[in-house]
Amino acid sequence: MATYVLVHGAWHTGAELEATAAPIRAAGHKVYTPTLAGNRPGDAKTVGLNDAITSIVDYLAANDLKDVILLGHSYGGMIITGVADRVPERIHRLIYWNAFVPNNGESLNDLVPPIYVGLFDSIAAQRGDGSVVLPFPIWREAFINDGDLDLAQKAYGILNPHPLKTFSDKISLKTNPADMQIAKSYINCTEDTSLPHHYPWHPRLSQKLGLFRLVQVPGSHELCFSNPKRLAQAIMDAGRD
Amino acid sequence: MATYVLVHGAWHTGAELEATAAPIRAAGHKVYTPTLAGNRPGDAKTVGLNDAITSIVDYLAANDLKDVILLGHSYGGMIITGVADRVPERIHRLIYWNAFVPNNGESLNDLVPPIYVGLFDSIAAQRGDGSVVLPFPIWREAFINDGDLDLAQKAYGILNPHPLKTFSDKISLKTNPADMQIAKSYINCTEDTSLPHHYPWHPRLSQKLGLFRLVQVPGSHELCFSNPKRLAQAIMDAGRD
Amino acid sequence: MATYVLVHGAWHTGAELEATAAPIRAAGHKVYTPTLAGNRPGDAKTVGLNDAITSIVDYLAANDLKDVILLGHSYGGMIITGVADRVPERIHRLIYWNAFVPNNGESLNDLVPPIYVGLFDSIAAQRGDGSVVLPFPIWREAFINDGDLDLAQKAYGILNPHPLKTFSDKISLKTNPADMQIAKSYINCTEDTSLPHHYPWHPRLSQKLGLFRLVQVPGSHELCFSNPKRLAQAIMDAGRD
């Protein structure tokens, strides 16, 4: 029996990973799905990257979790990298699921096409509370391309505005991921075009892990909505020793 | 119920898409499979790109088709791009299936490896009627690699000589695909080596669409022969809203 | 009925391909699984590339095999290229399964990331008998990432130390693979990260074949252990005319 902690991506909360957690629990594991600072109901949207990382460090301590298989989705890759740097003694393996892999001094915005940075800035400027949202056409075509319109709309309705500062803050790491003495896996959904395939998640970002285990699975960036059971199996394949 | 118009590739006619149309019709949609000027029995092989595009513009008008989901296969990508530029008011969504995506002023020959251009020119020079054919070994190994020899031979026997001028003519567009206000999808058959994978269909050409929905499916360039049912499902996944 | 000769990769023997040979035999074909000079029990680990190639040339002659579908896995790609150059009259088709494709004058070490060359040299220096072994973490994460730990350990226990000289020797060819008048196929396991995906088997090495048939199949570099039945089907799809 292993202990999984699943860290959601931008615009999500832990609740959206419950359907994925269920088959992992059914296989006999413990699964936690915390929500990051900045994405909890009522959180100020001025939260930065460090606060978000700290919220998971505190969560692991509060629940005294050890030997953790720590997964991060998308923006969650920034978080788990920061957590592993601060409390490596609690982590058994890192799993990046179509997730950002930062080195010291890099922000999420440093790892996406410049067109996204400009789009996020202009949307946040319009909103004025520090948060950014995804335009529905981008969500529907590039994030959840494997679902039907009904699923795309329902899932879009669940999303919460995301604090932009967590995208522009540069991470501070003592050790870059490739040099961390922790086992690592990368799950790549092969139809994930939330980052365009000419500027892809894998291998562009995954190779920054050094030695890692690749697990690939058909599906979009939002496999947690379109096929959580398939995602759960990929997570268990990525997480086993 | 949606209206699909499937535009075939070079050397094909609409008849070769009937096996693909059948499951789409069975799902309740209307499906049309016109044959392009230059590929109809008896057509002169001196037909150019503009004539081929016009033949589909005329077809849509003659049948008064509106709200069309317009698919182009391979060379058919040149055609649907030109059609969408001329009569955008008839088009609901474009689907490129391992298809060329031209910007204004580009020819099909501009988008393939130079080795193919030279090969086509030398074959056409030998034939002398303006047409080009594919050598069987290239067809068998790089176009229909997922079929057995019997299927490869039968399908090869159905092909018709293709007017070379449609490959060298440069397209004239008012609007490039990325700027068209029409939804777009790209279907990528993952074993399609009709363009070599170091100079691939996707993402090299698909990224010229701007925002688009990616659908990937196992199979060769000629999935319409090797697995039309699987292709039909991919088309419906690409075509839905 | 066809005749298959399956040539194993580094650290393996022919015995590890028996589970793959079984379903091919069950489909009515003859299958041979020779072991290369340097990998047979008792072989000196100072064997070079030419000796290993010769051992297969001799094997084909000793068994008077003709019209052979000759497959090479990984390092076995160096071998089958050399064999085809020496006795093309015996070969019907070459199949490279995530295998090296050398041109005249190239060594295996010339085709891998420099980090591997340094690793192999330092391991061999420690061993002192001319052989190199794979560290278990690399084997488990990058070679057999689709298996569980038990399978990874069992398979690792079967491996034999490999003569390093076969990696550094440059091959001598009269004809480069792209110019050989023999049909060629490339099987690419899509999760094979034994060469990293930013420096991949396919299309980086496969494109050196010129015209070839691509067959892709899910799995790691060691599909012979993790799913020999699926591998056997891929081999038959790659080997048929």
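The values are calculated or read from the model by the stated rules, or taken from the named source; none is laboratory data. Since the structure is predicted, the reported quantities are computational estimates derived from the model, not experimental observations. So basically every Cβ, Gly included, is an ideal-geometry build from the backbone, and we count neighbours across all protein chains shown. Side chains are part of the model used for accessible areas, which takes the heavy atoms of the whole protein and leaves out ligands, DNA and RNA. Shrake-Rupley method; radii C 1.70, N 1.55, O 1.52, S 1.80 Å.
How many Cβ atoms of partner chains, on average, are near each residue of C:134-143 if near means within 10 Å of its Cβ?
That works out to 2 on average.
What is the diffusion coefficient of the protein assembly as shown in µm²/s, taking the Kirkwood radius over Cα pairs and the Stokes-Einstein relation at 4 °C with a viscosity of 1.567 mPa s? The partial results should precede the final answer.
Numbers: Rh = 27.5 Å.
It diffuses with D of about 47 µm²/s by this estimate.
Normalise the Cα radius of gyration of chain C by 2.2 N^0.38 Å (N = residues in it) and let me know the number.
0.92
Per residue, how many Å² of accessible area does chain C show with a 1.4 Å probe?
Numbers: 8580 Å² over 241 residues.
Per-residue accessible area for chain C comes out at 36 Å².
Counting DSSP beta bridges in chain B, what percent are antiparallel, to the nearest 5? Mind dumping the intermediate values first?
Numbers: 2 of 26 bridges.
In chain B, DSSP labels about 10 percent of beta bridges as antiparallel.
For segment B:27-73, report the convex hull volume of the alpha-carbon atoms normalised per residue, in Å³, without decimals.
On the way: hull volume 4.8 nm³, N = 47.
Convex hull volume per residue, Cα atoms: 102 Å³.
Which value at 222 nm does chain A reach when only helices count, each DSSP H run of 4 or more adding -39,500 (n - 2.57), with the total divided by all residues and rounded to the nearest 500 deg cm²/dmol?
Working: 8 runs with 78 residues, N = 241.
Estimated from H runs of four or more residues: -9500 deg cm²/dmol.
Consider the operator that turns chain A into chain B: which A residue has a Cβ nearest its axis, and what is that gap in Å?
Spelled out, residue of A and its Cβ distance from the axis onto B: A:Thr190, 5.
On the accessible surface of segment B:29-136, probed at 1.4 Å, how many percent belong to carbon and sulfur atoms?
After summing per-atom areas, the C and S share lands at 52 percent.
Could you calculate the FRET efficiency of B:Val57 with C:Tyr199 from 1/(1 + (r/R0)^6), where r is the beta carbon distance between them and R0 is 51 Å, rounded to 0.05?
Efficiency at R0 = 51 Å is approximately 0.65.
B:Asp67 to C:Ile158: FRET efficiency via 1/(1 + (r/R0)^6), r the Cβ-Cβ distance, R0 60 Å, to the nearest 0.05? Walk me through the numbers on the way to the answer.
Numbers: r = 61 Å, r/R0 = 1.02.
Using R0 = 60 Å, I get an efficiency of 0.45.
If you roll a 1.4 Å probe over segment A:147-218 with all protein chains in place, what percent of the accessible area is carbon or sulfur?
Here it works out to 55 percent.
Distances in nm, one decimal, shortest first, from A:Asn103 to the same residue in every other copy, taking the label point 7 angstrom along Cα→Cβ.
For A:Asn103, the inter-copy label distances come out at 3.1, 3.1 nm.
Among the DSSP beta bridges whose two residues both lie in the protein assembly as shown, what percent are antiparallel, rounded to the nearest 5?
So the antiparallel bridges amount to about 10 percent of the total.
Counting only other chains, and only Cβ atoms inside 10 Å, what mean value do you get across the residues of A:207-215? Don't skip to the answer; put the middle values down first.
Details: counts 5, 0, 0, 2, 8, 5, 9, 11, 3.
Mean partner-chain Cβ count within 10 Å for A:207-215: 5.
For chain B, what is the relative contact order in percent, using Cα pairs closer than 8 Å and at least 6 residues apart in sequence?
For chain B, the relative contact order is 23 percent.
For labels at C:Glu89 and B:Leu151 in the simple 7 Å Cα→Cβ model, what's the distance in nm?
Once both label points are built, they end up 3.7 nm from each other.
Need the C-alpha centroid separation for segment C:215-233 versus segment C:98-146, integer Å.
21
If each of B:Met1 and A:Gln126 carries a label point 7 Å out from its Cα toward its Cβ, how far apart are those two points in nm?
Distance between the two pseudo-spin positions: 3.8 nm.
Which order do the peptides C:11-18, A:134-141 take when ranked by the mean count of other beta-carbon atoms within 10 Å per residue, highest first?
C:11-18, A:134-141
Taking 7 Å along the Cα-to-C-beta vector as the label spot, tell me the A:Gln181-A:Asn104 distance in nanometres, rounded to one decimal.
My value for the distance between the label points is 1.7 nm.
Given H placed 1.01 Å from N in the peptide plane, which residues other than close sequence neighbours of B:Ser185 have an amide H under 5 Å from its amide H?
So B:Ser185 has HN proximity to B:Leu94, B:Ile95, B:Tyr96, B:Arg213.
If you wrap a convex hull around the Cα atoms of segment A:1-87, how much volume per residue is inside, in Å³?
85
Taking 20 Å² as the minimum loss, tell me which residues in segment B:151-198 lose that much accessible area going from the chain by itself to the full protein complex (1.4 Å probe).
B:Glu191, B:Thr193, B:His197, B:His198
So what is the relative contact order for segment A:15-67, in percent, with contacts set as C-alpha pairs under 8 Å and at least six apart?
So the answer I get is 24 percent.
If one takes the accessible area of chain A alone plus chain B alone and subtracts that of the pair, with a 1.4 Å probe, what total in Å², rounded to the nearest 100, results?
Result for this pair: about 1100 Å² buried.
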